[in-house]
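The values are calculated or read from the model by the stated rules, or taken from the named source; none is laboratory data. Predicted model, so just to flag it, every value in this text is computed and none were measured. With ideal geometry, Cβ positions are generated from the backbone for all residues, glycine too; neighbour counts draw on all protein chains shown. Only protein heavy atoms, including side chains, enter the accessible area calculation; ligands, DNA and RNA are left aside. Shrake-Rupley method; radii C 1.70, N 1.55, O 1.52, S 1.80 Å.
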Amino acid sequence: MTPILNRNPEFRFVLSACLVASELFIMSVTNANAVGTGNRLKTIFGHLQQQEISSYVTPHVTSASAGVADTLPFKYTVDNPKLTLEQRQFYEENGFLVIKKLVSPQKLDLYRNRFTAICKKEVIVPGMTIMRDIAIKDSEFVPGEQAVTKIQDFQRDDVLFDYCALPEVVEYVECFTGPDVIAMHTMLINKPPDSGKMTSRHPMHQDLHYFPFRPADRIVCSWTAMQKINRENGCLVVIPGTHKGELLVHEYPKWEGGVNKMYHGIQNYDPSQSRVHLEMEEGDTVFFHPILIHGSGTNRSKGFRKSISCHYASGQAHYIDVKGTEQETIADEIYEIIRRKLGRDVDITFADVWKYKSRPVKGENTLNST
């Protein structure tokens, strides 16, 4: 892999300036404590200068960036001491960041049990969408949890929404959205063992395709593994650095076995692009940008693969009109579903749909105030 500095001349220039500053600081002071501080600064930047992106996983840490970040050109993160300088630069370069063991097994057990209760219809959640895989959607013989591949829009269920409001999750979310945090889209995914038609995979896509709110750089997804997730059971696949691009045209992929509802993929996707498979342990959480190209593979195991996620946006974000854009197709598809449920004459906007899906987490909610 190419070192960060070789790929980013602007960062290399700023880094060089900081190295010179640390050298001058060491040379110009005589106080032992001050010299020690300068040496530490030099050590930090020396480490970054030599580093290659050899790992896509970072431990759950809380150390700050020591004020050095103030001099660096950050776009996709906001000033917040939660991220280390290394973590922040990694997200800026790659568009995602994995935090190990962020969510406890006890919390995940709580969400698993709630999911089971929902599948057994012991709990009814208003407005929640329950989805079945295309391979089993017409079967009358698939019971309970095995029939459900995903639940969406659980923002009105306090048990599952507890995940979206976990302090240990939200304190990382604020590094991308800022202090005003709105939960916009919620999912618990129960990826089924593949039937042989490869319908359990998810095409490579960008989440912003579905979202009529901006700015994209103040949106982030938190995606937590509820069990060990690897290539066998269909882990996430990402293309590092694609968050720096633009929203591409999406469509239903022309797969022989069919594709699940709203599983849109990038039109003319180039499979030769370098991909990274995010193998994760229970409780590991990845945060990623809405323009990052990603998807998930086929579940070749014999069991269901579970994860829980929430997309967040800044409370200071705003809605856009998607008419005439590549997002108009997904908006029309959603309108058609709503009309089938509520009647052909229903008067609703795409923004109204997302206002209903969302729920404030903390801070101001200017986004949904009108």
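With a 1.4 Å probe and all protein chains kept in place, how do R112, R132 rank by accessible area, largest first?
Descending order: R132, R112.
Ordering N94, T116, S104 by Cα displacement along the dipole of region 72-203 toward the positive end leaves T116 in first place; charges were set at the Cβ atoms of Lys, Arg (+1) and Asp, Glu (-1).
Carbon and sulfur: what percent of region 144-222's accessible surface (1.4 Å probe)? Summing carbon and sulfur atoms, their accessible area is 53 percent of the total for region 144-222. Can you tell me which aspartates and glutamates have their Cα less than 13 Å from the Cα of K120? Leave out same-chain residues fewer than eight positions away. Straight-distance partners of K120: E145. Amide H contacts of S296 (H built 1.01 Å from N, in plane; Pro and chain starts excluded): H202, V237 sit under 5 Å, all sequence-distant by 5 or more or on other chains. Among the protein heavy atoms, those of L342 account for about 120 Å² of accessible surface (1.4 Å probe, every chain in place). For the set K341, K362, solvent exposure ranked by accessible area (probe 1.4 Å, protein chains only) runs largest to smallest as K341, K362.
On a 29 Å Cα-Cα criterion, which of the cross-link pairs K150/K302; K121/K228; K197/K244; K100/K355; K101/K121; K82/K121 come out too long?
Values: K150/K302 17 Å; K121/K228 27 Å; K197/K244 34 Å; K100/K355 32 Å; K101/K121 31 Å; K82/K121 40 Å.
K197/K244; K100/K355; K101/K121; K82/K121, as the Cα separations exceed 29 Å there.
Ranked by solvent-accessible area (1.4 Å probe, protein heavy atoms only, all chains present), the residues M187, M226 order from largest to smallest as M187, M226.
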